[in-house]
1. Applying a 10 Å radius around every beta-carbon, put 45-57, 149-161 in order of their mean neighbour count, most first.
2. Using a 10 Å cut-off on Cβ atoms, rank the peptides 171-180, 61-70, 123-132 from the highest mean neighbour count down.
3. Ignoring ligands, DNA and RNA, what accessible area per residue does region 96-151 give at 1.4 Å, in Å²?
4. Apply the a/c threshold of 1.5 to the C-alpha gyration tensor of region 15-107 and tell me whether it is rounded, prolate or oblate.
5. With a 1.4 Å probe and every protein chain kept in, tell me what percent of the accessible surface of region 35-162 is carbon plus sulfur.
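The values are calculated or read from the model by the stated rules, or taken from the named source; none is laboratory data. This one's a predicted model, so the numbers in the text were calculated from it and none came from an experiment. Please note: Cβ atoms are built from the backbone with ideal geometry, for glycine as well, and neighbour counts cover all protein chains shown. For the accessible areas, the whole protein counts, side chains as well, though only heavy atoms, and no ligand, DNA or RNA atoms are used. Shrake-Rupley method; radii C 1.70, N 1.55, O 1.52, S 1.80 Å.
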Amino acid sequence: MKDKQILFRDLLLLLAFAGWALALPHYGSEFVVSMALTCLMYVALSSSWALFCGTSRYLSLATSAFFGIGAYTGALALEQMPWLAAIALGAGIAVVVAVVMGAAVLHLRGTYFAVLTFGMTELIRHAISYFEKQVTGTVGRVLMVVPDRDTIYLTVLGLALLAVLVSILVRRHRFGLALMGIGADEQRAQTLGVNTRLVKIAGFALTAAFAGAVGAAMSVRWTYIDPHTVFNPFIGFQTVLIALIGGAATLWGPLIAAIVFSVLAETLRLQAPQLYLMSLGVLLILSVLYLPGGLASLRGSTFRDWGRDMLGSLRSLFGRQEKKDV
């Protein structure tokens, strides 16, 4: 009964978020809509990243690779295919790459897995750059066919809502329980009958599908794309930071953090870009040290615990001082 109430609450919150996002283009300026588009992009990326990495505790740095693959696929396919078909193709190719990559590196964990996924991202970026220079003779693509603003916005909004909805449903499915079991104790999950290799590859591919689809949809924001732009490591790093700071193991933490940090980025990046990067770093350090569960773990009890710790420290400090005075 309680689980149904939580599911109903989550779906109601998602519906409220969808209504607000749908109404935004009708009263917001071009700048506000552009900022909202960035927010929705990171909602989809961070929520889908947390769906696999937050539950299985595999730190993937391959988001920018899947995003770039989707962007290049969308840019090439838009001239011959309908809009939604190009989005689906970008997601599909990203899934194929994720399955191959996952089969190669998902037997590793921790630092080794993170470094290898980042290395493969760089390998893909340089391979595409080399292919374009040596074979096509040009680097990058000029986008000749670009949908209107509302089409792009509604597509990215749909992907963001779908990412959160899939997260809601997967967390209540056997697949989500298997991912959580892998994150808690992979060997024990395997002894209980979970095909951990297949579950990990499927979760990794699901994350890649959303990243590829978002990349294909967002590629049209640039009139010209090249490997340096769409395979930018900052996209992947910011996705990871948003999910970790918001709470990668939670449902709404990545969404809230994506909105907050996208607004913060648009506000500070033009005026003080270094200040934005420093604030991200400081928040990540504070989250790791004092809030391992992310900002979503903040509750009244957390502040009470902090208050007790502070009072205890002050009492011990002044107690030592009084003993010295005596």
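1. Packing order, densest peptide first, comes out as 45-57, 149-161.
2. Those peptides, ordered most packed to least, come out 61-70, 171-180, 123-132.
3. So region 96-151 comes to 61 Å² accessible per residue, rounded to a whole number.
4. The shape class here is oblate.
5. Carbon plus sulfur share of accessible area: 71 percent.
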